[in-house]
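Chemist: Sharing a structure with you now.
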Ligand code: COA
């Protein structure tokens, strides 16, 4: 206790101060509360009554009914009449609304006319079948598969036809294309033409026929035929009209010179003259052309093209060719196409073409602005080429003319224009004879086509081929060709990927050395030289030295062993 009082005494001043402060604070609080107090209202009393409580909700949104049914028509269309109002009671089957049926009516009319059309086609087809004139797309393959072809001419590229030609089922007459029309008119090809079938894009009001991408011998066949069947192919664009120039020469002894002096001259009509009295059936069709793809342009083809371009440049330098060359003819197949495409990168301008088939390479030249004009008898593009043609037809039409084969392949015109003929060989021999048609001397590949028409009559006759085939097992240059399509008298220039042999003005023995040196594959060069030297010795350097028992031994060796190499 003593201690506590001691401490109180010690801090008494402090304690007094704290007590004082507490009193002041308590007094302040009471004063403050008294100052802010709310006065209490005087109470009132009322009678309790019942009533509506009004509440206004202000909002935006969609009011949806508690129960609803979705109604829609099976077809879409514009509403022309609504036959019920909101909240009407309706019954099943009741008409609620009316749609505008103008489009539907038009569709019905269209389907009805299509139906009538198909009925007509069906009737026509029945009649055509009865006379053996049924028109079939992919005619060759389809007919061959049905064993429907006994005799075939003059050029084909169909696998099935080829198989049947080479198995004795079809008799194939492989002839120069320029000869076909006249021989047919004279009845040499199995008698008179009874039925001519032609694909067209349109028939004029006078009954003349506007052909499609191919003219060939159609004009002449139509002239001779009793029955003309026109297949109007709506997949072929109408813009093809105007691309054709139809001129049929008179037959001897009334024939006159064909009045064509430049590749782009027009000498005939833009249609095949016919008349409705001759057209027996018109068959509508919308099947697109079934075209064949071309092999991609490989290094060998580029090399061949390069050798040719270099050669042409030399010829220009020596004044033997004009700067824009002479009208070019280019054959069928991948090699020929690649060679033409190669001219795109050449220095030549204002080129012109006088040929038979117009392949993709020509489109490349036109697109590159290198080709001023191309004359042919048909356009045979790859699937891609066909798309290109259709996409840019207005432009290509200005630069392409299609003529009857008798004109496109006319020896008279080839000679007059001084064509540069570039075709493909299957094989050639050391003396410059060319086989364009036969595999191992026996099996038909395609046919001579127009290559002979041009080869014999051109200003410059070029044959291209790879130096070897079948991975090197075959030399495309052999001691003696196994079939002769173009003789040493027709050929001037040979080109393989290895080089170019110019054999103009050379004798057979001189030719042989140039061809072996410039064109043959190194694997076969020593064998060819050995053959030549032994043949020269054995024949005492005869004009065309051959070892007859050995001349075709390279082919027999390939047939027996699978390679021409020893
Ligand atoms: N021996 C055997 N087979 C050979 C060969 C040879 N010396 N040279 C090529 N071949 C084969 C190829 O291996 C190929 O065989 P595959 O079909 O089994 O693959 C086939 O012959 C075609 O050869 P390819 O290199 O693809 O040739 P291509 O498409 O350039 O066509 C021709 C070449 C000769 C067949 C073709 O140009 C033709 O039919 N020419 C004759 C008609 C013509 O020239 N018309 C032009 C006037 S417009």
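Bear in mind that the values in this text are calculations on the coordinates, not laboratory data. Computed from a predicted structure; not experimentally measured. Cβ sites come from the backbone with ideal geometry, for glycine too, and all protein chains shown count toward neighbours.
Chemist: Give the calculated FRET efficiency between residue 299 and residue 517 to the nearest 0.05, with a Förster radius of 22 Å applied to their Cβ-Cβ distance.
Modeler: Values: r = 21 Å, r/R0 = 0.97.
FRET efficiency, residue 299 to residue 517: 0.55.
Chemist: So, one more: Simple spin-label model, 7 Å along Cα-to-Cβ: residue 115 to residue 282 in nm?
Modeler: Label at residue 115, label at residue 282, 2.3 nm between them.
Chemist: Above 18 angstrom, tally the Cα pairs of segment 458-534 and express them as a % of all pairs, no decimals.
Modeler: On the way: 1084 of 2926 pairs.
Of all Cα-Cα pairs in segment 458-534, 37 percent lie more than 18 Å apart.
Chemist: Oh, and also: In nm, what is the difference between 0.36 nm times the number of residues separating residue 367 and residue 94 and their Cα-Cα distance? Present the calculation step by step, with values, prior to reporting the outcome.
Modeler: Details: separation 273, 0.36 × 273 = 98.28 nm, distance 6.56 nm.
Extending this stretch completely gives an extra 91.7 nm.
Chemist: Follow-up question, since we're still on this one. Could you give the length gained by full extension between residue 504 and residue 65, i.e. 0.36 nm per residue of separation minus their alpha carbon distance, to one decimal place?
Modeler: Gain on extension, residue 504 to residue 65, equals 148.1 nm.
Chemist: Note down the relative contact order for the chain as a percent, whole number, built from C-alpha pairs under 8 angstrom at least six residues apart. Show your work: numbers first, answer last.
Modeler: On the way: 938 pairs, mean separation 59.8, N = 566.
Here the relative contact order equals 11 percent.
Chemist: Taking 22 Å as R0, compute the FRET efficiency from the Cβ-Cβ separation of residue 81 and residue 108 and round it to 0.05. Intermediate results must be reported in sequence, preceding the final value.
Modeler: Details: r = 21 Å, r/R0 = 0.95.
With R0 = 22 Å, the Cβ-Cβ based efficiency is 0.60.
Chemist: Pop the C-beta distance of residue 146 and residue 194 into the FRET formula with R0 = 22 Å and round what comes out to the nearest 0.05.
Modeler: Efficiency computed from Cβ-Cβ geometry: 0.65.
Chemist: Can you sort 531, 271 from fewest to most other Cβ atoms within 10 Å of each residue's own Cβ? Present the calculation step by step, with values, prior to reporting the outcome.
Modeler: On the way: 531 24, 271 21.
Exposure proxy ranking, most exposed first: 271, 531.
Chemist: Right, next: Helix 299-317 versus the longest principal axis of the chain: what is the Cα-based angle in degrees, 0 to 90, to the nearest 10?
Modeler: Compared with the principal axis, the helix lies near 60 degrees.
Chemist: Using Cα atoms only, what is the angle between the long axis of helix 508-519 and the major principal axis of the chain, expressed in degrees (0 to 90) to the nearest 10?
Modeler: 10 degrees
Chemist: Normalising by the residue count of segment 194-320, find the relative contact order in percent from Cα pairs under 8 Å and 6+ residues apart. Walk me through the numbers before you get to the answer.
Modeler: Values: 168 pairs, mean separation 36.8, N = 127.
Relative contact order of segment 194-320: 29 percent.
Chemist: Give me D for the chain in µm² s⁻¹, whole number, from Stokes-Einstein with Rh from the Kirkwood sum over alpha-carbon pairs, 37 °C and 0.692 mPa s. Walk me through the numbers on the way to the answer.
Modeler: Values: Rh = 30.4 Å.
Estimated diffusion coefficient is 108 µm²/s.
Chemist: Take peptides 437-450, 536-549 and line them up by average Cβ neighbours within 10 Å, highest first, as a rough protection proxy.
Modeler: Numbers: 437-450: 18.7, 536-549: 13.3.
Answer by packing, highest mean first, reads 437-450, 536-549.
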